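The values are calculated or read from the model by the stated rules, or taken from the named source; none is laboratory data. None of the values given here were measured: they were computed from a predicted structure. Heads up, the Cβs are rebuilt from the backbone with ideal geometry, glycines too, and the neighbour counts pull from every protein chain shown. These area figures cover heavy atoms from the full protein model, side chains too; ligands, DNA and RNA do not enter into them. Shrake-Rupley method; radii C 1.70, N 1.55, O 1.52, S 1.80 Å.
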Amino acid sequence: MTLVARHGALTDIGLHRKTNEDTFVVRPPLYAVCDGMGGANAGEVASELAAETLAAEVARGTPLHAAAEAANAAVFQRAHENLEQTGMGTTLTAFVLEGRTARFAHIGDSRAYLLRDGELRQVSDDHSLVGEMVRDGRLTEEEAAVHPHRSILSRALGTEPQARIDEFVEDLLPGDVLLLCSDGLSGPVSADDIRVALTRSDPQQAAERLILEARRQGGPDNITAVVVRIDEGPHGAGEEETTLVRPADPEAAEVTGELPFVVVADDDADAAPELDAADALAALRAEQDGEAPDPATEAVRRRKRSVRRLGIVAAILALLAAALAAGAFYLSTVFFIGVDDGALTIYSGVPGKIGPVPLHAVYRRSVVTYDSLSPSARTLVDEQQLRDREDALDLSKLLGMWP
Ligand code: MN
């Protein structure tokens with residue numbers, strides 16, 4: 001049985017920083033988070049360069065650990081070419097899905113978590129001074145979480161010619177949820193709130209929840225979440241689009257392209273199976289009709305059959321009407337964020353039209369324009385992902401639509 005992965009990811013500048021030095025990679029089967037450090041935008045340079053190098057190496061078939069070492073070399077070299085970027089570095093926490101396992105590469109204090117059967121477990125060690133002290137038994141987790149020097153790293157990528165990068169493998173089970181996050185998330189958000197957010201079935205909504213929670217807790221740092229949900233495949237109709245986990249398949253990145261998020265909702269999905277079932281039932285009845293012994297004359301039989309056919313047509317029409325009513329109800333319960341004449345807008349319904357009839361209506365229109373958004377925020381709008389009302393409103397706040 002194949003395992004199937006669905007992902008969601010989001011990064012946010014937080015409430016107190018002027019730049020976002022976090023970077024994430026979502027190129028199935030590779031997922032990564034990098035949290036850069038260093039003055040004069042060097043942190044941004046370091047995390048982006050590390051993420052790009054890692055993704056490019058993995059795409060060309062380099063094993064994950066070696067790809068992370070290549071990222072170390074790239075950042076270290078750049079830091080030495082440019083005086084302003086001396087001393088820059090980054091965390092890197094990444095995994096590649098390989099069959100029924102996740103292979104990790106990890107250095108720094110970004111974290112990897114695994115949620116299984118409702119229990120959250122941190123699978124990465126924090127390479128920070130307080131993290132080392134916790135492992136030595138000199139500090140408790142609780143003391144470490146509020147320690148004034150908790151952000152001092154004991155290991156980072158790009159600060160030394162050779163980095164000590166952890167490598168480990170976790171076996172995966174259907175229902176597992178993996179989270180990669182920067183310390184701007186794991187710091188302010190409690191483990192229990194992380195656990196609750198990850199139990200949402202939609203990984204993108206889980207990532208958004210986590211970012212919102214970190215902002216609610218003050219958002220002191222840049223916040224990044226990559227959520228990957230593992231399920232048994234293949235899925236039935238009406239499920240969201242899935243990304244197959246192809247073991248050791250270097251072409252997998254091309255299969256999914258470079259879309260940061262894969263989210264597709266199918267608005268016919270609810271109606272179609274019902275009609276198919278009705279058709280099948282009608283066919284079955286007609287067949288049984290033909291085979292059933294009928295003592296009546298041919299003429300009477302024909303009439304009876306046409307009466308039955310009328311009944312079947314009526315039944316199909318009734319089903320169709322019910323499907324349309326269900327569709328109309330469905331449209332009033334789903335929302336997405338799109339653009340109306342350049343302005344960010346919450347729509348009720350689904351994107352697209354049937355003939356000239358749009359399947360959505362303006363729910364709330366913002367004065368904030370699409371053009372004013374950052375590129376990563378634009379991707380979120382471009383996705384036109386379907387959400388419940390609460391999630392649409394949450395995202396609209398996250399996008400700053402109501403200044
Ligand atoms: Mn950070």
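Between R100 and Q162, what is the spin-label point distance in nm, taking each point 7 Å from the Cα along the Cα→C-beta axis?
The two pseudo-label positions are separated by 3.7 nm.
Trypsin sites (Lys or Arg not before Pro) within the range 163-202: which are DSSP loop residues with at most 16 other Cβ atoms inside 10 Å?
Here the sparse-neighbourhood loop sites are R164.
Using only the Cα atoms of the range 21-91, what are the Rg and Dmax in Å?
My reading of the Cα-based Rg and Dmax gives 11.6, 36 Å.
Got a number for carbon plus sulfur as a percent of the range 73-143's accessible area, 1.4 Å probe?
Its accessible area is 45 percent carbon and sulfur atoms.
Rounded to the nearest percent, how much of the accessible area of the range 155-239 (1.4 Å probe, protein heavy atoms only) is carbon and sulfur?
44
Grab the beta carbon distance between D192 and V313, set R0 = 60 Å, and tell me the FRET efficiency rounded to 0.05.
About 0.60, to the nearest 0.05.
Expected output is a single nm value to one decimal: the length gained when fully extending between E84 and R135, i.e. 0.36 nm times separation in residues minus the C-alpha distance. What is it?
The span from E84 to R135 would gain 14.9 nm if fully extended.
Keeping every protein chain present and rolling a 1.4 Å probe, give me the accessible area per residue for the range 96-231 in Å².
Spelled out: the 1.4 Å probe surface of the range 96-231, per residue, equals 42 Å².
I need the P(r) histogram for the range 3-256: all alpha carbon pairs, bin width 5 Å from 0 out to the longest distance, whole percents.
1, 7, 14, 18, 20, 17, 12, 6, 2, 1, 0, 0
Can you work out ³J(HN,Hα) from phi for every residue in the range 128-143, in order, using Karplus 6.51 cos²θ - 1.76 cosθ + 1.60 and θ = phi - 60°, giving whole Hz and x for Gly and Pro?
Result, rounded to whole Hz: 10, 4, 5, x, 4, 5, 5, 5, 7, x, 8, 9, 8, 3, 5, 5.
How many nm separate the modelled label positions at R364 and A73, each set 7 Å beyond the Cα in the direction of the Cβ?
The two pseudo-label positions are separated by 5.2 nm.
Would you pull out the residues with amide H under 5 Å of T101's amide H, same chain only if 5 or more places away, H placed 1.01 Å from N?
Distant-sequence amide H within range of T101: L172.
Given R₀ = 30 Å, what would the calculated FRET efficiency be for A343 paired with N41, taking r from the Cβ atoms and rounding to 0.05?
So the FRET efficiency works out to roughly 0.45.
Kindly provide the trypsin sites (Lys or Arg not before Pro) of the range 1-68 that DSSP labels as loop, not H, G, I, E or B, and whose Cβ sees at most 11 other Cβ atoms within 10 Å.
Here the sparse-neighbourhood loop sites are K18, R60.
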